[in-house]
Structures are given as C-alpha cells and as structure tokens.
Amino acid sequence: MKKEKGYRVIFYLAGLLILAFGITLNTKTGLGVSPIISVSFSISTILDVNFGDMTFLWYAIFVLIEVLLHTVMSKRSGRSGKVRVTDLKKAVAADVLQIPLCLMFTRFMNLFSVMLPELESDCAGTFAGSFAGRLLLLILAIILTGVGAVLSLDMRIVPNPGDGIVQALSDFSGKNVGFVKNCFDTFNICLTITLSFVFAGHIIGIGIGTVLAVIGVGRVMALFNYLFLEKISRISGIEKN
C-alpha cells in the first residue's frame with residue numbers, strides 16, 4: 001500500500017512538471033497560448049509583469065470562486081434535502097489546498113520560462129524559429145500538456161485550479177464537464193481578446209496554438225488514458241471510473 005501511494009505521488013508530481021513544461025513551451029512558440037492561461041498571459045504582457053506570478057493570481061481567483069460555489073451548493077442542498085456537497089469543510093479544504101499546489105506549479109513555469117527561448121525572436125534564422133519549427137514544437141507542447149494534465153488528474157490528489165474550477169462550475173450548473181470546459185475556454189478567450197484590444201490595441205496570446213490546444217489537449221488525454229490508464233492504475237493502486 002505504501003509503495004502504491006509512493007507511485008501515485010511520483011506520477012502526480014511528474015504530471016505537474018510535464019504540464020508546466022508543456023504550457024510554457026506553448027507560450028514560447030508565439031502561435032497562441034492555451035485558453036485557460038490566456039488571460040494571465042495577456043495581462044502579464046500588457047503590464048510587463050512575471051507570467052508565472054500572474055498565473056498564480058489568476059488561479060487563486062479560481063480557487064476563491066470554487067469556495068464560493070461549494071458554499072452556495074451546500075446551502076442549497078440543505079434547503080432542498082438533496083446532498084450535493086456533503087461536507088462543506090472537506091470541500092473547502094480541498095479547494096484551499098490548490099493554493100500551495102498552484103504556487104509550486106507556477107514556480108515550475110517560471111523556471112521553464114527562463115530556460116526556454118522565445119522561439120520566433122531568439123531562434124530567428126533557424127528551423128526552431130521558423131513557422132514549421134514552431135508548429136512542430138507547438139504540437140509537442142500540446143502533447144505534453146495533455147499527458148501532464150491526465151497524469152495529475154488520474155492520481156486524484158489535488159486538482160490543478162484550472163481543472164478544479166471547471167469541475168466546480170459543472171457541479172453547480174448540473175451541466176456536463178465537457179460542455180462546461182468548452183464554455184469556460186470560450187469565456188477565457190473572449191476575456192483575453194477584450195483585455196487585449198482595450199489595453200493594447202491588438203490581440204495578445206490568441207492564435208492557431210489556442211485553437212489547436214482546445215482541440216488537441218482533450219484528444220491527447222483520451223488517447224493516453226486509453227493506452228496507459230489500466231497499467232498506471234494497477235501500479236498506483238487507483239480505481240478506474
């Protein structure tokens with residue numbers, strides 16, 4: 001049992017590391033960032049502040065919204081007699097634990113941001129700086145993002161705030177998680193475009209990479225689970241849904 005828990009922690013931390021690298025590599029291609037971090041990316045660019053720090057603040061807002069939604073759901077279930085959030089303290093504790101998680105996660109992002117070059121400018125004149133090279137690295141970034149996300153989620157320890165907010169909104173609205181995810185991505189894209197035009201006069205962070213991330217990350221997650229979930233579940237001792 002201890003060995004299985006150890007594997008779960010290893011898979012979980014590896015997932016967070018891979019996810020942070022994938023998201024950061026995505027931004028470095030200059031082809032558009034994933035919707036979930038497009039708002040923090042645009043604000044960090046407009047204000048010329050650290051991207052990882054702004055992402056931490058954005059994720060902290062997600063956590064506050066999750067706490068609010070779980071509190072409202074708890075009161076709602078108390079009035080209706082239907083139990084949707086059976087233990088408010090447990091739900092809020094799980095939400096709050098996302099704060100130290102996203103602090104660690106965004107520190108990884110800062111580290112990778114320093115390590116990786118801005119491909120279009122720093123690698124100009126090389127294949128990595130060309131459109132074809134950046135597109136290939138974008139595809140790699142999407143694959144890494146999907147693998148990292150599914151590894152950390154499958155271990156069922158503490159969700160990334162970007163996933164936690166979607167689950168909380170799904171529970172609150174009673175809508176399918178996939179539908180809520182699409183709506184939330186659309187909201188982030190619209191907010192990013194609005195902030196970009198109002199404060200910069202042009203679109204920041206939205207491009208072909210954003211579209212490919214919306215389509216590709218989910219497909220990578222599904223494929224990874226199809227190929228490896230059974231084996232990983234057996235090693236880590238988690239129960240498959």
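The values are calculated or read from the model by the stated rules, or taken from the named source; none is laboratory data. Bear in mind that the values here come from a model prediction, so they are computed numbers and not experimental data. Every residue, glycine among them, receives a Cβ derived from its backbone with ideal geometry; neighbour counts consider all protein chains shown.
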Filter the range 128-169 for residues that are surrounded by fewer than 23 Cβ atoms within 10 Å (Cβ to Cβ) and among the acidic types (Asp, Glu) and give the result.
-> Asp163
Applying the selection to the range 169-196, what residues are more than 15 Å from Ser40 (Cα to Cα), more than 19 Å from the chain's Cα centre (by Cα) and not small (Gly, Ala, Ser)?
-> Phe172, Lys175
Given the conditions (1) in contact with a Ser or Thr (Cβ under 8 Å, 6 or more places away or on another chain); (2) not in a helix (DSSP H, G or I), every one holds for Arg8 apart from (2)
Counting only residues that are hydroxyl-bearing (Ser, Thr, Tyr) and out of contact with any Pro (no Cβ under 9 Å at 6 or more places or on another chain), which one in the range 173-205 is nearest to Phe62 (Cα to Cα)?
-> Ser173
Flag if Phe224 is more than 25 Å from Ile46 (Cα to Cα), assigned to a helix (DSSP H, G or I), touching a Gly at 6+ places or on another chain (Cβ under 7 Å) and among the aromatic types (Phe, Trp, Tyr) | yes
Val211 fails exactly one of (1) outside any helix (DSSP H, G or I); (2) at negative phi, namely (1)
Going through the range 178-204 in order, the residues found to be in a helix (DSSP H, G or I), surrounded by 14 or more Cβ atoms within 10 Å (Cβ to Cβ) and of a type in the set (Val, Ile, Thr) are Val180, Ile189, Thr192, Ile193
Of everything in the range 120-164 that's at pLDDT below 95 and among the charged types (D, E, K, R), which residue is nearest to Lys5 (Cα to Cα)?
-> Arg156
Selection count, the range 26-50, where residues are part of a helix (DSSP H, G or I), touching a residue at least 24 places away in the same chain (Cβ under 8 Å) and either of a type in the set (Lys, Arg) or surrounded by 21 or more Cβ atoms within 10 Å (Cβ to Cβ) (or both) | 11
